[in-house]
1. Does Phe136 count as surrounded by fewer than 20 Cβ atoms within 10 Å (Cβ to Cβ), of a type in the set (Phe, Trp, Tyr) and at pLDDT 90 or above?
2. Here are some residues: Gly93, Gly72, Gly145. Which one is farther than 30 Å from Leu273 by Cβ, in a helix (DSSP H, G or I) and at pLDDT below 85?
3. Go through (1) within 30 Å of Arg31 (Cβ to Cβ); (2) surrounded by 13 or more Cβ atoms within 10 Å (Cβ to Cβ) and name the single condition Arg275 misses.
4. In the range 272-288, what residues are over 13 Å from Gly105 (Cα atoms) and either part of a loop (DSSP other than H, G, I, E, B) or hydroxyl-bearing (Ser, Thr, Tyr) (or both)?
5. Could you list all residues from the range 11-57 that are of a type in the set (A, V, I, L, M, F, W, C) and in contact with a strand residue (DSSP E or B) (Cβ under 7 Å, 6 or more places away or on another chain)?
6. If I ask for residues that are acidic (Asp, Glu) and under 21 Å from Ala200 (Cα atoms), which ones from the range 78-118 would you list?
7. Name the pairs whose Cβ atoms lie under 6 Å apart, with the first residue in the range 101-127 and closer than 17 Å to Pro290 by Cβ, the second surrounded by 23 or more Cβ atoms within 10 Å (Cβ to Cβ) and of a type in the set (Ser, Thr, Tyr), and 6 or more positions between them or separate chains?
Amino acid sequence: MEKPPPAADPAQDPAAAFDRDPDDGIIATSRAPIAFRYYDLVMAAFVAILLLSNLIGAAKLTFVEVPFWPDGWWPAPDGVFIYGAGILFFPLGYVIGDVLTEIYGFARARRVIWVGTAAMVFLAFMSWVVVSLPPFDGWTCSASGFGGARPLTSNPDPAIPDGAICQETYVSVFGSTWRIVVASISAFWAGEFVNSFVMAKMKVLTRGRFLWTRTIGSTFVGQGVDSLIFYPVAFLGIWTPEAVVTVMVTNWALKVAWEAALTPVTYAVVGRLKRAEGVDLFDLDTDFSPFATSTPRAG
């Protein structure tokens, strides 16, 4: 792995002044090495969690009862919080997004965000094509499954114990309206870029200290932007305005709380990766445009 010079001159690389422990094997720099050891693996983990969260978790609503919640208080007057199951795992993407910016800088996080956006676009396109294909006649749900004793089946013959995989159930899981698709992709793109920008700026502001302030702070802002885009675009006019605001605020609060709960995990991953990569990258002269292509290099 190519690294910056171990004794960087602060006049040439101002980030060298942020190095609090010159003997820990981690060099504070604003010049990224040409290659990293684990960047591709972190990118793969980010995209995998992103796609799986949207594919598996997005279609299911679940709930949690909070027994100590004051009766009648908004947004859960009866103490029951309703949320999308995907938020249990989707915030892991924000954790990895924080790790990407903290370890590899905004420029490389930007590349991952664009890769994730392209993957979501292809997921939406593939889902639309597959759902739109005409199903074979024998692959339709039996009407008896909607009201009879038998479970939903892909074959009307009671003697054939087929499962519930048929066109109707397939559409219910993988079929999304154009509003959901546009809302999901737009919210992810904007929220992730805001999250990474806040993370990078706060790292410089804190001179690399107090990691928890920027992981939670960036998620607070980034998830706020994500929620402000997704729920109105996807559901305003379908749900009541009160329902949109309630679910939006509840999901945003749960995501931020989940991110805060994962802070010890973030610390462990960041510490291990910094030692493995040997650099502590600061975005001092980075172009923060989402459409920029240049990356500051070690010289």
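The values are calculated or read from the model by the stated rules, or taken from the named source; none is laboratory data. These figures come from a predicted structure and were not determined experimentally. All Cβ positions, even for glycine, are placed from backbone atoms using ideal geometry, and neighbour counts span all protein chains on display.
1. Values: surrounded by fewer than 20 Cβ atoms within 10 Å (Cβ to Cβ): yes; of a type in the set (Phe, Trp, Tyr): yes; at pLDDT 90 or above: no.
No; evaluated as a whole, the condition is false for this residue.
2. On the way: Gly93 fails: farther than 30 Å from Leu273 by Cβ; Gly72 fails: in a helix (DSSP H, G or I).
That would be Gly145, the only listed residue that is farther than 30 Å from Leu273 by Cβ, in a helix (DSSP H, G or I) and at pLDDT below 85.
3. Here Arg275 clears every test but (2).
4. The one that is over 13 Å from Gly105 (Cα atoms) and either part of a loop (DSSP other than H, G, I, E, B) or hydroxyl-bearing (Ser, Thr, Tyr) (or both): Gly278.
5. Looking only at the range 11-57, we keep the residues that are of a type in the set (A, V, I, L, M, F, W, C), and these are 11, 15-18, 26-28, 32, 34-36, 41-52, 55-56.
Those that are of a type in the set (A, V, I, L, M, F, W, C) and in contact with a strand residue (DSSP E or B) (Cβ under 7 Å, 6 or more places away or on another chain): Ala15, Ala16, Phe18, Ile26, Ile27, Ala28, Ala32, Ile34.
6. Going residue by residue through the range 78-118, those that are acidic (Asp, Glu) are 78, 98, 102.
Passing the criteria: Asp98, Glu102.
7. Thr101/Ser196; Phe106/Ser196; Ala109/Thr101; Ala109/Ser196
To keep it simple, each residue is scored yes or no on (1) β-branched (Val, Ile, Thr); (2) out of contact with any strand residue (DSSP E or B) (no Cβ under 6 Å at 6 or more places or on another chain); (3) within 18 Å of Phe89 (Cα to Cα); (4) in contact (Cβ under 8 Å) with a residue 12 or more places away in the chain.
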{"position": "Gly224", "(1), (2), (3), (4)": "no, yes, yes, yes"}
{"position": "Tyr231", "(1), (2), (3), (4)": "no, yes, no, yes"}
{"position": "Ala257", "(1), (2), (3), (4)": "no, yes, yes, no"}
{"position": "Ala260", "(1), (2), (3), (4)": "no, yes, yes, yes"}
{"position": "Leu273", "(1), (2), (3), (4)": "no, yes, no, yes"}
{"position": "Gly278", "(1), (2), (3), (4)": "no, yes, no, yes"}
